[in-house]
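Trainee: First, the structure itself, so that you have it in front of you.
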Amino acid sequence: MNGRVWSYEDLNAIEAVERECFPVDPWNRRMLAEAFLSGRFFGSLIEEDGVVAAYGGISILDDEAELELIATAEMFRRCGRGKKILDDLVEEARRRGVKRMFLEVRVSNAAAQLMYLKNGFVGIYTRSRYYIDGEDAIVMKKDL
Ligand SMILES: CC(C)(COP(=O)(O)OP(=O)(O)OC[C@H]1O[C@@H](n2cnc3c(N)ncnc32)[C@H](O)[C@@H]1OP(=O)(O)O)[C@@H](O)C(=O)NCCC(=O)NCCS
């Protein structure tokens, strides 16, 4: 299972998986393109038979990175792809001199929280009503 760096041509396929994985607040094509072209972004994805199975991306500013998005298409879950993407992002961040990575996760999203905890992130505080539907976010941090 190999990750590869996003290319601009991947954005439509990523948008389609976003809509499947995040019914409430998926990133749309414009948001993906803006992040991708920002010059501060690094994205990794896994393809299976030409289909985008998992992907994730970080934005880097000085020595801090923000995990912007990460998802595995439903039929490809629980086989290590999410962890592999997270590992790729952390490795690239370290390579670029990043010292801390942050992320937000819904308080109801136990699967993602477990993945982050297992991979060295710790919860640092809660952001009240962070999401568009009013749900709170847990902010998590990993020292790299
Ligand atoms: C979170 C997500 C990316 C995990 O992807 P995945 O490819 O299934 O992840 P992995 O197979 O690498 O699992 C990594 C770890 O996450 C945890 N995990 C993943 N899915 C889980 C579930 N359904 N229940 C409990 N733990 C889960 C486990 O600790 C797992 O390690 P293990 O398999 O050794 O027990 C995936 O569930 C997803 O895309 N969810 C919808 C999008 C989303 O919520 N993204 C995160 C936004 S903050």
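Every number in this text was worked out from the coordinates using simple rules, so none of it is lab data. Just so you know, these numbers come straight off a predicted model, no measurement behind them. Cβ sites come from the backbone with ideal geometry, for glycine too, and all protein chains shown count toward neighbours.
Trainee: Any idea what % of Cα-Cα pairs in the range 3-101 are farther than 22 Å?
Mentor: Result for the distance tail: 23 percent.
Trainee: Given an 8 Å cut-off on Cα distances and at least 6 residues of separation, report the relative contact order of the chain as a percent.
Mentor: Computed value for the chain: 19 percent relative contact order.
Trainee: What are the ³J(HN,Hα) values, in whole Hz, obtained from phi via the Karplus relation 6.51 cos²θ - 1.76 cosθ + 1.60 with θ = phi - 60°, for each residue of the range 69-79 in sequence order, with x given for Gly and Pro?
Mentor: Once θ is set to phi - 60°, the couplings for the range 69-79 become 7, 7, 7, 10, 4, 3, 6, 10, 6, 6, 10 Hz.
Trainee: In debye, nearest 20, what is the charge dipole magnitude of the chain about its Cα centre with +1 on Lys and Arg Cβ and -1 on Asp and Glu Cβ, if you could check?
Mentor: 480 debye
Trainee: With each pseudo-label sitting 7 Å past Cα toward Cβ, what's the Y125-E9 distance in nm, one decimal?
Mentor: Label-label distance for Y125 and E9, simple model: 4.5 nm.
Trainee: Then there's this: Add +1 for every Lys or Arg and -1 for every Asp or Glu among the other residues with Cβ under 11 Å from the Cβ of Y130, and state the total. Each step should come with its number before you reach the end.
Mentor: On the way: positive: R106, R127, R129; negative: D25, E104, D133, E135, D136.
Around Y130, the charge tally is -2.
Trainee: Moving on to the next point. What FRET efficiency comes out for E91 versus D133 if R0 is 25 angstrom and r is the Cβ-Cβ distance? Round to the nearest 0.05.
Mentor: Values: r = 33 Å, r/R0 = 1.33.
Computed FRET efficiency for E91 and D133 comes out at 0.15.
Trainee: Give the distance, in whole Å, between the Cα centre of the range 90-144 and the Cα centre of the range 13-89.
Mentor: For the range 90-144 versus the range 13-89, the Cα centre distance is 14 Å.
Trainee: Name the residue, out of V52, V90, V24, whose mean-square fluctuation peaks in a Gaussian network model built on the chain with Cα pairs under 10 Å.
Mentor: V24
Trainee: So what does log10 I(q)/I(0) come out to for the range 71-130 at q = 0.15, 0.17, 0.18 Å⁻¹, using the Debye formula with one equal point on every Cα and no solvent?
Mentor: -0.53, -0.67, -0.74
Trainee: Can you give the calculated 222 nm mean residue ellipticity of the chain, where each DSSP H run of n ≥ 4 adds -39,500 (n - 2.57) and the sum is split over every residue, rounded to the nearest 500 deg cm²/dmol?
Mentor: -9000 deg cm²/dmol
Trainee: Quick one: longest stretch of the chain between exposed loop trypsin sites (Lys or Arg not before Pro), exposed meaning at most 16 other C-beta atoms within 10 Å and loop per DSSP?
Mentor: 1-39
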